[in-house]
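> Here's a structure for you.
Any read-out appearing in this document is the output of simple, stated calculations on the displayed coordinates, not a laboratory observation. Given the structure is predicted, the values throughout are model-derived calculations rather than measurements. Cβ sites come from the backbone with ideal geometry, for glycine too, and all protein chains shown count toward neighbours.
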Amino acid sequence: MEHGKELLEQLSKFVESEDIKSALVSGLGAVKWAEIGFYDQKKKEYINLRLNRNMEVSSLTGNVSLKDGKPFLHLHAVLSDGKGDCYGGHLVRAEVFAFEASLIVLKGEPPERELDDVTGLYLWK
């Protein structure tokens, strides 16, 4: 991943350029800052937390599926700071310092997401 650029934007462009519709995603590295989300199950909305500091990406995991017919990345991350404090959640945005991503492309019909009325989330059909 390119230093100084937004992580999800880069991954999304790669997935689209390679016509990847279904994959497992993992990664590790470091970011200059990150924004993660926690889903409030009662309010059915994300609460975002901006981490305005250098963070180690201790773990990143997720997948690629289809949403509205287009490739969609769903990523979660565990981030740690210089004190070893960790933060985790849905990865909303992050600026790359140094990052390595791995994708395992899956064969067959890609999972498709649709709005689930019970949770308020776009889940696999």
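> Being of a type in the set (D, E) and within 18 Å of L7 (Cα to Cα) is the requirement here; does E109 meet it?
no
> Filter the range 66-122 for residues that are under 26 Å from R50 (Cβ atoms), part of a strand (DSSP E or B) and without any contact (Cβ under 8 Å) to a residue 12 or more places away in the chain and give the result.
Matches in the range 66-122: none.
> Across the range 62-73, which residue is surrounded by the most Cβ atoms within 10 Å (Cβ to Cβ) among those that are more than 13 Å from I36 (Cβ to Cβ) and touching a strand residue (DSSP E or B) at 6+ places or on another chain (Cβ under 7 Å)?
Going through the range 62-73, the residues more than 13 Å from I36 (Cβ to Cβ) turn out to be 63-73.
From what is left, the residues that are touching a strand residue (DSSP E or B) at 6+ places or on another chain (Cβ under 7 Å) are 63-67, 71-73.
Details: N63: 19, V64: 24, S65: 21, L66: 18, K67: 16, P71: 20, F72: 19, L73: 20.
Step by step, filter the range 62-73, then rank; the result is V64.
> Looking at (1) within 18 Å of L123 (Cα to Cα); (2) in contact with a strand residue (DSSP E or B) (Cβ under 6 Å, 6 or more places away or on another chain); (3) basic (K, R), can you tell me which one R93 breaks?
(1) is the only condition that R93 fails.
> Still on this structure, please answer the following. Which condition number in (1) farther than 16 Å from G37 by Cα; (2) touching a strand residue (DSSP E or B) at 6+ places or on another chain (Cβ under 6 Å) is the one that A77 fails?
Among (1) farther than 16 Å from G37 by Cα; (2) touching a strand residue (DSSP E or B) at 6+ places or on another chain (Cβ under 6 Å), A77 violates only (1).
> Sort out which residues of the range 96-120 are among the hydrophobic types (A, V, I, L, M, F, W, C) and surrounded by fewer than 15 Cβ atoms within 10 Å (Cβ to Cβ), and write them in order of number. I'd like the intermediate steps shown before the answer.
Applying the first criterion (among the hydrophobic types (A, V, I, L, M, F, W, C)) to the range 96-120 yields 96-99, 101, 103-106, 115, 118.
Selection gives A98, I104, V105, L115, V118.
> What are the residues in the range 9-39 that are part of a strand (DSSP E or B) and not hydrophobic (A, V, I, L, M, F, W, C), if any?
Answer for the range 9-39, where residues must be part of a strand (DSSP E or B) and not hydrophobic (A, V, I, L, M, F, W, C): S26, G27, G29, K32, E35, G37, Y39.
> Please give the number of the condition I104 fails out of (1) under 15 Å from A23 (Cα atoms); (2) touching a Lys or Arg at 6+ places or on another chain (Cβ under 9 Å); (3) among the aliphatic types (A, V, I, L, M).
For I104, the failing item is (2).
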